[in-house]
Amino acid sequence: MRGWHVRNNCFCLRLGVTVAPSGVRAGDSAGPGFPTDYRKGRIKMSKRRIVYEGKAKILYEGPEPGTLIQYFKDDTTAFDAQKKAVLDGKGVLNNRISEFIMTQLSAIGIPTHFIRRLNMREQLIRKVEIIPLEVVVRNIAAGSLSTRLGMPEGQQLPRPLVEFYYKSDALHDPMVSEEHIAAFGWATPQEYDDIIALALRVNDYMSGLFAGAGIRLVDFKIEFGRYFENDHDMPRILLADEISPDSCRLWDYKTGEKLDKDRFRRDLGGVTEAYAEVARRLGIIKESGDTDNVVSFTGGSK
Ligand SMILES: Nc1ncnc2c1ncn2[C@@H]1O[C@H](COP(=O)(O)OP(=O)(O)OP(=O)(O)O)[C@@H](O)[C@H]1O
Ligand SMILES: [Mg+2]
């Protein structure tokens with residue numbers, strides 16, 4: 001795939017700083033006291049407090065109250081973390097792709113947690129109280145919908161479907177309904193309505209964004225949270241977490257080739273290359289040409 005080339009047994013990813021919609025130059029460190037070693041994808045962070053370490057990201061205390069730093073790891077998991085791998089460069093790509101999409105969504109009035117990208121693996125975000133729901137929007141049957149309802153993968157759905165899953169690794173994120181959400185107080189009726197309206201707007205916008213890049217948006221998962229601007233004000237609902245090929249199903253319009261985490265789930269290979277292809281088609285990373293801003297990652301990226 002374009003955008004990636006092998007040099008000296010390294011997979012080299014071009015990250016053009018000129019196309020970054022916001023944030024600082026790729027390669028800049030997060031600031032004084034945050035020395036960065038990008039080649040290894042590791043940062044000496046002794047001065048920062050970890051708020052949460054998940055499967056794909058680490059949240060650090062941010063520089064100001066109400067902020068966090070979201071660090072994108074190369075770790076990849078599937079099937080309740082039974083399947084694991086480290087995919088060199090994946091975190092860098094997801095940081096850039098999520099930044100790009102969140103910035104685009106902000107521009108059309110969707111409130112998001114994204115403030116700015118700090119460096120290749122980190123972004124500054126607003127700290128929210130996560131609503132314990134994974135919100136899935138589907139346009140085409142795939143994955144668990146196909147399994148549950150016996151619907152062939154690739155079948156166009158009559159309209160976009162919004163589904164909710166309760167965020168609990170221990171319970172394997174069970175599907176829940178509006179009734180459960182209301183009865184157990186996971187979201188107020190107003191928040192529930194807002195979340196559905198926002199999820200459908202995100203779907204409309206992203207479907208068009210990806211279509212313009214020759215990619216079909218099959219489905220995706222998003223998370224929302226409550227942001228308390230002032231202690232006494234009502235919280236605002238913000239789009240949180242990430243939007244990347246880890247959380248979307250993306251198929252090439254012409255060939256149907258998968259350009260998302262299903263490549264990892266189904267052992268199709270070329271996972272990071274597919275993510276890079278998405279970034280390239282969205283104009284986030286350069287095609288080829290100048291030799292500036294080339295970041296090398298040692299090892300393969302199956
Ligand atoms: N703006 C935010 N404020 C607070 N927490 C956030 C924010 N954005 C995302 N999160 C949370 O940070 C974590 C990100 O880490 P990661 O995605 O690796 O977690 P995970 O292992 O997938 O676990 P989870 O099941 O909670 O998503 C998630 O728990 C997510 O809900
Ligand atoms: Mg997660």
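Between amide H atoms placed 1.01 Å from N, distances below 5 Å from residue 118 occur with 123, 124, all of them 5 or more places distant or on a separate chain. Near residue 98: Cβ cut-off under 11 Å, other residues only, Lys/Arg at +1 and Asp/Glu at -1. The net charge is -1. Using 0.36 nm times the number of residues separating residue 167 and residue 236, minus their current alpha carbon distance, what extension gain do you get? Additional length available on full extension: 22.8 nm. Taking 14 Å as the straight-line reach from the Cα of residue 84, the aspartates and glutamates in range (excluding those fewer than 8 positions away in the same chain) are 74, 75, 246, 262, 267.
The alpha carbon centroids of region 185-224 and region 45-103 are separated by 21 Å. Computed from phi, the 3J(HN,Hα) profile of region 111-123 under the Karplus parametrisation 6.51, -1.76, 1.60 (θ = phi - 60°) reads x, 10, 7, 5, 9, 7, 7, 9, 6, 5, 10, 10, 9 Hz, with x in place of Gly and Pro.
Listed cross-link partners 127/286; 167/261; 254/286 are compared with a 25 Å cut-off, the Cα-Cα value being larger for 127/286. For region 130-252, the normalised intensity computed at q = 0.17 Å⁻¹ comes to -0.92 (log10 of I(q)/I(0), Debye sum over alpha carbons, equal scatterers, no solvent).
At a Förster radius of 41 Å, what calculated FRET efficiency corresponds to the Cβ-Cβ distance of residue 184 and residue 257, to the nearest 0.05? Once the sixth-power term is evaluated, E becomes 0.50.
Taking amide H positions as modeled 1.01 Å from N, with prolines and chain starts lacking one, the residues under 5 Å from residue 285 and 5 or more places away or on another chain are 280.
Bear in mind that the values in this text are calculations on the coordinates, not laboratory data. Nothing here was measured: the structure is a model prediction, and the numbers come from that model. No Cβ is skipped: glycine too gets one built from the backbone with ideal geometry, and neighbour counts run over all protein chains shown.
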